[in-house]
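Input: a single structure, listed below in structure tokens.
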Amino acid sequence: MTFLASVTLEVADPATAARFYDDAFGLGPAALRLRACETPTEGFRGFTLALTVSRPADVDSLVESALAAGAATLKPADRSLWGYGGVLRAPDGTIWKIATSARKDDGPATRRIDEIVLLLGVEDVKASKRFYVERGLGVGKSFGGKYAEFTADASSPVKLALYKRRGLARDLGVPADGSGSHRVVLGGATGPFTDPDGFSWETTVPVTAPTGI
């Protein structure tokens, strides 16, 4: 079965970005790859990376360290119907969502990241889901034309999901318009290809993430 084995962010300065992600979230190359790129991009890049944690205290701790490392707030951490979370933009332009389904703390912050999810904003969730299923990805969750989540391998540090582009942008608090490079490359065991929304895949091997990411 095919699955998402790696995520590579294309950034202007990989060394600077690596320091940010280590200081902000404790993410190293096992969870996130970086490489230099100057390809033009403008506005919403069409995706977000989401960090799922256990309690609001962990959201606050990760948001605080990200802001101290140079991130900008798009949505302050706050309670909602689904839990508690906030949205940030990293210095390299990548949008990150940090969230928990819990609305109250049951202990102090541990800064443990339970899950990393790459959410692709697509025009047609059903069509994109069908495209990926035809390439061997297994569906874990699906909610009609609104959302689809694919199964992940134990060796992959990141889970892949699809969301309506405009709905994703609205959830992140940014305009849906954007052009140019997505500045993200997905890696899998199959040959290289580009999906209907312009997200590129390349052949790679999974890197095992440490316990607790």
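All of the numbers you see were taken from the coordinates with simple rules; none came from a lab. Owing to the predicted nature of the structure, the values given are computational and were not obtained by experimental measurement. FYI the Cβ positions are ideal-geometry reconstructions off the backbone, even for glycines, and counts take in every protein chain you see.
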Looking at this model, which pairs from Lys75/Lys129; Lys75/Lys126; Lys104/Lys164; Lys129/Lys159; Lys104/Lys129 are more than 26 angstrom apart at the alpha-carbon? Lys75/Lys129; Lys75/Lys126; Lys104/Lys164; Lys104/Lys129
In the stretch 6-203, if the dipole is taken from +1 on Lys/Arg beta carbons and -1 on Asp/Glu beta carbons about the Cα centre, which of Ser101, Ala24, Ile116 is farthest to the positive end? Ser101
Tell me the net charge near Ala69. Cut-off is 13 Å between Cβ atoms, Ala69 excluded, with +1 for each Lys or Arg and -1 for each Asp or Glu. -2
For the pair Arg130 and Ser155, how long in nm is the line joining their label points, each one 7 Å along Cα→Cβ? 3.2
Please compute the contact order of the stretch 67-202 in relative form: average sequence separation of alpha-carbon pairs under 8 Å and at least six residues apart, divided by the residue count, as a percent. 17
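What percent antiparallel are the DSSP beta bridges of the chain, to the nearest 5? Please list the in-between numbers first.
Values: 34 of 54 bridges.
In the chain, DSSP labels about 65 percent of beta bridges as antiparallel.
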Taking Cα atoms, the helix 125-134 axis meets the longest principal axis of the chain at an angle in degrees (rounded to 10) of 60
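Give, to the nearest whole percent, the P(r) tail of the chain beyond 28 angstrom, counting all Cα pairs.
Details: 5125 of 22578 pairs.
Summing the P(r) tail past 28 Å for the chain gives 23 percent.
Give me Rg over Rh for the stretch 112-152, both radii from the alpha carbons and Rh done the Kirkwood way, two decimal places.
Details: Rg = 10.9 Å, Rh = 11.0 Å.
Looking at the stretch 112-152, the ratio lands at 0.99.
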How far is helix 56-69 tilted off the main Cα axis of the chain, in degrees rounded to 10, range 0 to 90? 80
Tail weight of P(r) past 14 Å, computed on alpha-carbon pairs of the stretch 1-79, percent: 71
Starting from the Cα of Lys104, step 7 Å along the direction of its Cβ; do the same at Arg35; then give the gap between the two resulting points in nm. 4.9
What is the magnitude of the charge dipole of the stretch 40-151 about its Cα centre, with +1 placed on the Cβ of each Lys and Arg, -1 on the Cβ of each Asp and Glu, and no other charges, expressed in debye to the nearest 20? 300
